Amino acid sequence: MITTPAISTDRLGKRYGSAWALRDCTLAVPAGSVTALVGPNGAGKTTLLQLVVGLGRATAGSVEVFGCDPQRDAGAVLPRVGFVAQEHPLYSGFTVAEMLKVGRKLNPGWDDAFALQRVQELSLPLGGKIGKLSGGQQAQVALTLALAKRPELLVLDEPVASLDPLARREFLSSLMEAVTETGVTIVLSSHILADLERVCDHLVILSRARTQLAGPIDEIVAEHRLLTGPRADVAEIARRHEVVTARHSERQTSLLVRSNGHVYDASWELHEVDLEEIVLAYLAQNRAEDPTLAMSA
Amino acid sequence: MIIFHLDQRSGVPTYLQLVQQVRQAVRLGILMPGDQLPTVKDVVGTLAINPNTVLKAYRELDHEGLVVARRGVGTFVADLQPSRPPDDLKALRTSLQRWVDRARAAGVGDEALADLFADTVRAERISRVA
Amino acid sequence: MIWVSWRRQRTEALIAAAVLLALAAFLVPTGLHMASVYHHDGLSTCLGPAGGASCDDTIQSFTDRFSSLNNLIAWTTLLPGLLGVLLAAPFMLEFEHGTHRLAWTQSVTRGRWIAGKLGLAVACALVAALILTLLLTWWHAPLVRLNGRMDNGVYDSEGIVIFGYTLFALGLATAVGAVWRRGVPAIVAGFAAYFAVRLFVDTWLRQRLMPPLTATWHLMVPDPRALRHALVLDEYPADAHGHHVLIPANECGAGRALKRTPGLGDCFARHGYFMHAVYEPASRFWALQGIETALFAAGGGILLAFAAWWTYRRV
């Protein structure tokens, strides 16, 4: 039985003035997955996430959350989706308790017991003003707000960007505990690849407003191989497998290749590649049209 | 109770690290038959890893017979430790010993020996794509 | 939703309340003082049929005594603008701080959120306008009884126009803030625009809302009843048909203020001069108030609707 994907887009695009922030984006985020959204600044990550939660209107294509349009069917979609925007906006003049009250008043599905328990576990001061809390504490309040409405989909835009390593670890732990308890689908964008590798099982790479790669991380790692060998022409290999990047020195050639078969040329030596290398290769790929340029470190 | 740790740079998949740590804990007596493994939520809360990874590790251990998953209660170290039929392992060990002797006779040092072995195992795994 | 909107509005509402309280602290003692002088000097009897020639002087001295205070209080005509613009701030700041990304991803739809916030701002504005109107109307009462309420400076504190002004200022600031998305410049721009519109209406539009009436009479007889407490737009010597007459330099003491002395009256009669006035009678007070309030309130309503629409469509 095929379950409705949490998010499904079809050639989704958004234009601001004459510039396309997102273009031709088609992907499906399976329910129950933890998906990493990766890409350089300006790649379209925030645009995509905002379209998913109904904060923006698509210029082209469509987006569906659990089968509904997030803008037109906002009343049906909003209670099922939790969102933490970049910089985790909160009402800085409110106390933590008042902030939770906002959640309670604006969300029919609000679980107050859960919210209070979480706040207690994290030692967040109920009477403390939001503006006086540390970045990590504010992020946790924002996350509490999003989790306590018991969403089926949680969308986070760079949630850990401004946090110190400990706060980051605690935030991600909280997220994973939520997934364990409720099976909530998570989509989070981030720069920090090491974090994402621990936490995510799906990946979407965005660069220059387009999707470069999307799929389960297991499959992605299994499908990519590094080929090394004496300096050679790429054309032969490129006919049979997708060459992501190629790098040449005087005597050696090194290729990152994507394949779903396992027939290789005997003249090439095979290596596995870890996720970070794969992601960097796809991101670097766009920096230069010339495939003979070096991969970034 | 076992405390898990994760080495992201080791190149070993996370779930496998958990499996190996449980096996070692059982071997060393840190985990005794009947002991409960940490709940998925606990592991996930401490390590900040995907719960599916933990589930995969526990499933693997269950499959090996090292642990038993009791629905709604938890995952426990199995009472009876399954052992490989001693004959299988014994035969492998003997042929491996002969190989090591041959390599030493050819003047291959310990490090080169280990490299050779690891490379061969790896190459076999890699050529089996996806 | 109501609690959230109110809690977000609370600071600005309290500032508005503080302003009104400060105003009351000034108006109440001075108003009580003025009222007591009014009764002490027996001005109420002057207005009745028993009033005689000395009453004119009594009234004049009373008016003179409180004229500087009255001029000071005339500045309160800016308050509806200040209060309206202040109450527009919470709506604008929501976007400046990016917290709308929080508000619009709870379970409340955008439309409901906008309606709730703006609705509460309007309610607060109306309450502030009510308090302001009551305070000022009470304070002006003695002066109004003596000189009527048609004159600029009193007119815009009486009746219902303050409601219109406040709503208009609220709508203006909200609309500017919705488009510009920067709180402080929007507030300043909103207030400046309010001031400009008020100036335009006060000095030009108000007297054209209903075509003014005219009256021509002999200087010797008492002023026509209709001119009592009226807004006199123009007053000049004229011929019998009401056309302006330029009195030659050495006739009837032209150039000096037209004091109604018996001598001047005779001079005018001999030369066939009349007094002519263009005015809006006091009887039109409510009609004019109604039109002006309706214009401002409608303007404010349209601007609020625009702000709501613009925000709703915002991508």
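Every read-out reported here was derived from the displayed coordinates using simple, explicitly stated rules and does not represent laboratory data. Remember, it's a predicted structure, so these values are computed and weren't measured experimentally. Don't worry about glycine lacking a Cβ; one is built from the backbone with ideal geometry, like all the others, and counts go over all protein chains shown.
Considering only beta bridges that DSSP places wholly inside region A:7-208, some 45 percent are antiparallel. In plain terms, the chain from B:Arg102 to B:Arg23 could stretch by 25.3 nm, reckoned as 0.36 nm per residue minus the Cα-Cα distance.
A Förster distance of 60 Å, applied to the separation of the beta-carbon atoms of C:Leu32 and C:His271, puts the FRET efficiency at 0.75. For region B:14-77, treating each Cα as an identical point scatterer without solvent, what Debye log10 I(q)/I(0) comes out at q = 0.14, 0.26 1/Å? Here the Debye-derived log intensity ratios amount to -0.34, -1.25.
Tally Lys/Arg at +1 and Asp/Glu at -1 over every other residue whose Cβ is under 12 Å from the Cβ of C:Leu120; what's the total?
+3
Within region A:170-253, the GluC sites (Glu not before Pro) that combine a DSSP coil assignment with at most 13 other C-beta atoms in a 10 angstrom radius are A:Glu250.
Multiplying the residue separation of C:Phe195 and C:Thr137 by 0.36 nm and removing their Cα-Cα distance gives an extension gain of 18.7 nm. Here each label is just a point 7 Å from Cα along the line to Cβ, and for B:Met1 and C:Arg225 those points are 9.8 nm apart.
Membrane-span-like helices of chain C, defined as complete DSSP H segments with a Cα extent of 27 Å or more along the helix axis and a mean Kyte hydropathy of at least -1.0, are identified as C:2-40, C:110-147, C:161-180, C:285-313.
Computed from the C-beta positions of B:Val12 and A:Ser18, the FRET efficiency with R₀ = 41 Å rounds to 0.25.
With a simple spin-label model that places each label point 7 Å from the Cα along the Cα-to-Cβ direction, the separation between C:Asp234 and C:Ile160 comes to 3.2 nm.
Around the amide H of A:Ile7, modelled in the peptide plane, lie the amide H atoms of A:Val29, A:Phe66, all under 5 Å away and 5 or more residues distant in sequence or on another chain.
In region B:86-127, a dipole from Cβ-located charges (positive for Lys and Arg, negative for Asp and Glu) runs towards its positive end, and of B:Val108, B:Ile126, B:Leu92 it is B:Leu92 whose Cα lies farthest in that direction.
Overall shape of the protein assembly as shown was characterised from the C-alpha gyration tensor. The equivalent ellipsoid obtained from it has semi-axes of 85, 29, 18 Å, in decreasing order. Shape annotation for region B:86-127: C-alpha extents along the principal axes are 30, 28, 12 Å, from largest to smallest. The base-10 log of I(q)/I(0) for region C:124-215, evaluated at q = 0.10, 0.21 Å⁻¹, reads -0.34, -1.09 [Debye formula, identical scatterers on Cα atoms, solvent excluded]. Antiparallel beta bridges, as assigned by DSSP with both residues in the protein assembly as shown, represent about 75 percent of the total such bridges.
When the C-alpha to C-alpha distance is required to be over 29 Å, the pairs from A:Lys105/A:Lys132; A:Lys14/A:Lys129; A:Lys149/C:Lys117 that qualify are A:Lys14/A:Lys129. About the centre of its Cα atoms, region A:223-285 shows a dipole size close to 220 debye [charges on the beta carbon of Lys, Arg (+1) and Asp, Glu (-1) only; nearest 20 debye]. Here, region A:223-285 is characterised by an Rg to Rh ratio of 0.93, where Rg is the alpha-carbon radius of gyration and Rh the Kirkwood radius. Here the residues C:Trp6, A:Trp20, ranked from fewest to most Cβ neighbours within 10 Å of their Cβ, fall in the order C:Trp6, A:Trp20. About its Cα centre, the dipole of the protein assembly as shown is roughly 840 debye, where the only charges are +1 on Lys and Arg Cβ and -1 on Asp and Glu Cβ.
Each Lys or Arg adds one and each Asp or Glu takes one away; over the other residues whose Cβ falls under 13 Å from the Cβ of A:Glu177, this sums to -1. Let me know the shape class of chain A, please: from the alpha-carbon gyration tensor, a ≥ b ≥ c as square roots of the eigenvalues, rounded when a/c is under 1.5, otherwise prolate if a/b is greater than b/c, or oblate. The shape class here is prolate.
Residue exposure proxy: A:Lys105, A:Lys132, A:Lys149, ordered by other Cβ atoms within 10 angstrom of their Cβ from fewest to most, comes out as A:Lys132, A:Lys105, A:Lys149.
Neighbour counts of other Cβ atoms within 10 Å put A:Val184, B:Val108 in the fewest-to-most order B:Val108, A:Val184. If R0 equals 51 Å, the separation of the Cβ atoms of C:Ile2 and C:Thr203 corresponds to a calculated FRET efficiency of about 0.80.
Under a Cβ-Cβ cut-off of 12 Å, what is the net charge of the residues other than C:Arg313 that fall near it, where Lys and Arg count +1 and Asp and Glu count -1? That works out to +3.
Approximating the spin labels as points 7 Å out from Cα along Cα→Cβ, the B:Ala91-to-C:Ile302 distance works out to 9.6 nm.
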